[in-house]
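The next block holds one structure in the form of structure tokens; read it before the comments.
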Amino acid sequence: MNPIGAASAAAAALAAAGGLLGAALPGRARVLASGACTAALGAAGLAAGTAALRGGHWTASAPALLPLSGAHLAVDALSGLFMAVAGGVVLAVAVYGIGYAAGHGPHGTGSRTAQGTWPVFALTLLLVPAAASVSTFLLLWELMALTSLVLVLARHRGGGPAQRAAVRAAGLWYGVMTHFAFVLLLAGTGLFAAGAGGETFTALRAGAHALSPGTRGVVFVLAALAFATKAGAVPLHPWLPRAHPEAPSAVSALMSAAMVNLGVYGIVRLGFDLLGGGPRWWWLLVLGLGALSAVHGILQAAMASDLKRLLAYSTSENLGLALIGVGAAGLLADAGNRAPAALALAAALLHIVNHAAFKALLFCAAGSVLRATGLRDLDRMGGLRARMPATCAFFALAALGAVALPPGNGFLGEWLLLQSLVHGLAVPGVVTALVLPLAVAAIALSAGLAAAVFVKALGVAFFARPRSAPAGAAVESPPSMLAGMGLLAAACAALALVPGLLGDGLSRAVAAAGAGDGPPLAGGALTVRLDRLAAAMSPLWVACALAAAVAAVAVPARLLARRRRRGNARLWDCGGGAPTARMSYTATSFAEPLQRVFDDVLAPQQDVDVTPVRESAYLVERVRFRRSVPDRVEHRLYRPLLTAVSGVATAARHLATGSLHLYLGYGFFGLVALLLALAVQR
Amino acid sequence: MGDTLYTQLLDLACGAFLLAAVVVLWLRQLASIVRVFALQGVALAAVAALLGAHEGRWELLAVAVGIALLRAGLLPHLVRRALSAPAWPAHPGHHYEEDVSEARETRPLVNVAASLLSAALLTLLSYAVARPLVELNPTPATRALPVGLAVVLTGFFTLVTRRRALAQVVGFLLMDNGITAVAFLAASGVPLIVELGVSFDVLLAVLVLRILTTRMRAAFGGTGIDDLRELREW
């Protein structure tokens, strides 16, 4: 039997078993059984994805499984890449989740509902990329949305009123936006299937060129907007910074590292593979969405002081970078320059892989902090390095990946992306000459800001002294959480040092998408060479060189310092008393200079409220200073929209006066009007 | 049975069927309305029996007997029982005086003359709408198809314009009679099992409505549907 098929079947069986056990078993056994099944399921997905990346193919169809259409699955290298990413993340996060859920009692994360849904959600993450017909894809896509919604709502039970309200709002935003996207997707794919004369992907591929350009454009725009919503692209992102912080951290990790990727998968699969590429404006749309997300996401992350909200905005940024790659690939392929096109797509896919590894680790570490301190507010953390050394190390490793500097694992993807954009400049045309440099600028800006963001997250949360009692009382996480994070850390390190191992798989995935010619990358364990462009990179040597340079500077410094022993003395405090923890940098104060720089873009709201002592203008009793940086896109775009919708809804109430006769009358007159129309029309 | 006789009898039964629906709109006494409804049940059973006899499908006769028992016997009986049930005192100690108008449909939303006119228009409409269906296969049975449709529309009209809950129950049952008639005339009889299922459904609906009516009387002292307006959410 085909190894991919066997692994997929095993994953499905494990999901069924895990779901049943998670819903049936009591207490701790439930968490253990569900988590173990999910971890095994992830391993199966990783195996299936790896086999597909090595060149395997698998197709299966079960005509009787779904009414009318049947279920169709097919795995090629492109599906395999996303299956492998999802499988790897599921494996590590499930191991992490066992310890995480066990610390939360029988409600919330450890409840029957959450533990029963968990394996099913994991399975849908694996199977969505394997779907090979419109109805199978939509079914799995919707199942993924519903199960993740249930998991986002898991913390509703057993929380305080404020938490319940926040979870409810997050669930509402997520549910509404994801279903808005589903409606778009349904319309787009339905139009496509109707025009192509079949709903399996094979039929769509065959029938795509028979569609008129207008129809193709409508299909692409509808589906791309739907997929961009799932990917958290600005301006369709508001669900993301709400749902990720409120969901249990293991769920956030899975959503942020595996689920949002499928938005990019959808655009690649539909745009390149099924529609066979398209005109320039499609890809400009994708590229524009990506650039906007990258800059807006990282700016908001720089302003956020909620750790998980920061990570969520960073997800928006990274998916934006991947979308830039996809858009650039389409643009270059349309211009006929297929070698950089393939490279841009490979860069986008590589960035997805890297992002999955470090973002899952970041969310897991944030979950550890949350579990140990109950805090998400960076301003109240601090001093966790001494109390949670392993978590701190993991967070630092992942943050290194996120800042896209060597030797972190995020570096190579962005380097490749920049390479492809710079080489793409050779393509003639005003649009490319204008757009590609702007995209390069957006990437550079977001990379620079990302450095500030993660310095802030790491430094403020883990270094200095604790700024609140819970942060001072933190203890290290249990072994299973550390084991899960360890797996992710190993993946991050491997991706950072020997990314060349992925080269052939990436080339196959790009070839499966049909975006460009020839393998864009080649490489062994040590070097990544760009086949069509004269460039090469050896991350391992870069890392070694960096390590050597650091050692060259640090070792003599240490030696010198040891020679002159320092005496312990009290710090000179200008007579002001010993410095307290409240004087140290907080996330807000760290971000303040950046906020000044981007004042016009961010439009922060400041509010100073001075209460003087009675009958005196000079003596002040209290000064209250409040500042918030609202998400401007959300503020300007969604607030008016929501007001309009609720206005229409209020007006519509006058249709429902409470009179039964009126309600019956609506039905009656509707029926009579319909019949009249029928009678007249004949 | 000769074709002419069959056609004439079928037309007679369908005429009685339609007439009963119109008379329901005309009458005001709820007791008389129920009586007319029972007569309509007999007419429907006659349609079924005629179809069965003409086509030699004897199981249709069993269906006809079932229809007669249910629609001319059981359902009118249940509605009548609800009509004559003594009103429950709303609260102990609060003695509720029998509302005289409860037995009458005193003020329908559309008066009787306009109702009869509307029934005529609705019948015209159903003839116009059903024309393409009749042209498909013009047999005596299909020719009578618009009658069933007209009864459905008249029943719906009753449901919309009458205030008393029991008058509305009768309107609902008229609609169901009409649907059954359309099924018979268009498909020359439905299988026994389908008819059984539909009848059982209707029976349950009437039982539920009867309980609701009694409860409404207990709670509000009457079954005027307008009283329910206060139940809305805002």
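Worth a mention:
- Residue in the range B:187-204 that is at positive phi, buried (at least 20 other Cβ atoms within 10 Å of the Cβ) and in contact (Cβ under 8 Å) with a residue 12 or more places away in the chain present: yes
- Of the helices (runs of 4 or more DSSP H) lying entirely inside the range B:1-71, the ones with 3 or more residues being closer than 16 Å to B:THR139 by Cβ and either without any contact (Cβ under 8 Å) to a residue 12 or more places away in the chain or more than 15 Å from the chain's Cα centre (by Cα) (or both) are found at B:3-26, B:30-55.
- Filter result for A:ALA294 (modelled with pLDDT under 90, farther than 22 Å from A:PRO248 by Cα and in the same structural domain as A:LYS359 (by TED's automatic domain parsing)): no
- The condition of being buried (at least 19 other Cβ atoms within 10 Å of the Cβ), closer than 19 Å to A:VAL251 by Cα and assigned by TED's automatic domain parsing to the domain that holds A:PHE272 holds for only one of A:GLY103, A:GLY56, A:GLY99, A:GLY80, that being A:GLY99.
- Unmet requirement for A:ALA162, which otherwise passes all of (1) assigned to a helix (DSSP H, G or I); (2) touching a residue at least 40 places away in the same chain (Cβ under 8 Å): (2)
- Residues that are surrounded by 14 or more Cβ atoms within 10 Å (Cβ to Cβ) and within 27 Å of B:GLY52 (Cβ to Cβ), drawn from the range B:13-33: B:ALA13, B:CYS14, B:ALA16, B:PHE17, B:LEU18, B:LEU19, B:ALA20, B:ALA21, B:VAL22, B:VAL23, B:VAL24
- The single residue among A:GLY665, A:GLY647 that is surrounded by 10 or more Cβ atoms within 10 Å (Cβ to Cβ), farther than 27 Å from A:LEU449 by Cα and more than 14 Å from every other protein chain (Cβ to nearest Cβ) turns out to be A:GLY647.
To keep it simple, each residue is scored yes or no on (1) within 22 Å of the chain's Cα centre (by Cα); (2) at pLDDT below 90; (3) under 18 Å from A:ALA483 (Cα atoms).
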position: A:ALA365; (1), (2), (3): yes, no, yes
position: A:SER368; (1), (2), (3): yes, no, yes
position: A:GLY374; (1), (2), (3): no, yes, no
position: A:GLY382; (1), (2), (3): no, yes, no
position: A:ALA390; (1), (2), (3): no, no, yes
position: A:ALA396; (1), (2), (3): yes, no, yes
position: A:LEU400; (1), (2), (3): yes, no, no
position: A:LEU405; (1), (2), (3): yes, yes, no
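- Scanning the range B:131-159 for residues being more than 8 Å from chain A (Cβ to nearest Cβ) and farther than 18 Å from A:GLY670 by Cα gives a total of 16.
- If the condition is being closer than 16 Å to A:ALA322 by Cα and hydroxyl-bearing (Ser, Thr, Tyr), then the range A:415-441 contributes only A:SER420.
- Count - residues of the range A:118-156 that are in a helix (DSSP H, G or I) and in contact with a strand residue (DSSP E or B) (Cβ under 9 Å, 6 or more places away or on another chain): 11
Results for (1) under 21 Å from A:VAL353 (Cβ atoms); (2) among the hydroxyl-bearing types (Ser, Thr, Tyr), shown as yes or no for each residue.
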site: A:LEU53; (1), (2): yes, no
site: A:LEU68; (1), (2): no, no
site: A:HIS72; (1), (2): no, no
site: A:SER79; (1), (2): yes, yes
site: A:MET83; (1), (2): yes, no
site: A:LEU143; (1), (2): no, no
site: A:LEU151; (1), (2): no, no
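- Only one of the numbered conditions (1) touching a residue at least 24 places away in the same chain (Cβ under 8 Å); (2) surrounded by fewer than 22 Cβ atoms within 10 Å (Cβ to Cβ) is violated by A:ALA122, and that is (2).
- Residue list for the range A:367-420, filter: assigned to a helix (DSSP H, G or I) and of a type in the set (Lys, Arg): A:ARG371, A:ARG380, A:ARG385, A:ARG387
- The single condition from (1) more than 30 Å from A:PRO279 (Cβ to Cβ); (2) without any contact (Cβ under 8 Å) to a residue 60 or more places away in the chain that A:ASP306 fails is (2).
- Failed item in (1) farther than 30 Å from B:PRO146 by Cα; (2) surrounded by fewer than 13 Cβ atoms within 10 Å (Cβ to Cβ); (3) within 14 Å of another protein chain (Cβ to nearest Cβ), with A:TYR618 passing the rest: (3)
- The test for being of a type in the set (Lys, Arg) and farther than 27 Å from B:ALA119 by Cα does not hold for A:ARG682.
- Flag if B:THR123 is more than 10 Å from chain A (Cβ to nearest Cβ), part of a helix (DSSP H, G or I) and closer than 15 Å to A:ALA679 by Cα: yes
- Extreme residue, modelled with the highest pLDDT, among residues of the range A:443-481 that are among the aliphatic types (A, V, I, L, M) and over 17 Å from A:ALA302 (Cα atoms): A:MET481
- Selection count where residues are out of contact with any Leu (no Cβ under 8 Å at 6 or more places or on another chain) and either closer than 30 Å to A:GLY160 by Cα or surrounded by fewer than 21 Cβ atoms within 10 Å (Cβ to Cβ) (or both), scope the range A:376-402: 11
- Search result, residues across the range B:160-186 that are away from chain A (no Cβ under 12 Å), surrounded by fewer than 24 Cβ atoms within 10 Å (Cβ to Cβ) and within 19 Å of A:VAL672 (Cα to Cα): B:ASP176, B:ILE179, B:VAL182
- Meets criteria (within 14 Å of chain B (Cβ to nearest Cβ), modelled with pLDDT under 85 and surrounded by 10 or more Cβ atoms within 10 Å (Cβ to Cβ)) for A:SER584: no
- The single condition among (1) of a type in the set (Val, Ile, Thr); (2) modelled with pLDDT of 90 or more; (3) buried (at least 22 other Cβ atoms within 10 Å of the Cβ) that A:VAL440 does not satisfy is (3).
The values are calculated or read from the model by the stated rules, or taken from the named source; none is laboratory data. Worth saying up front: this structure is predicted, and the values here are computed from it rather than measured. Positions of Cβ are generated from backbone atoms using ideal geometry, with glycine treated the same way; all protein chains shown enter the neighbour counts.
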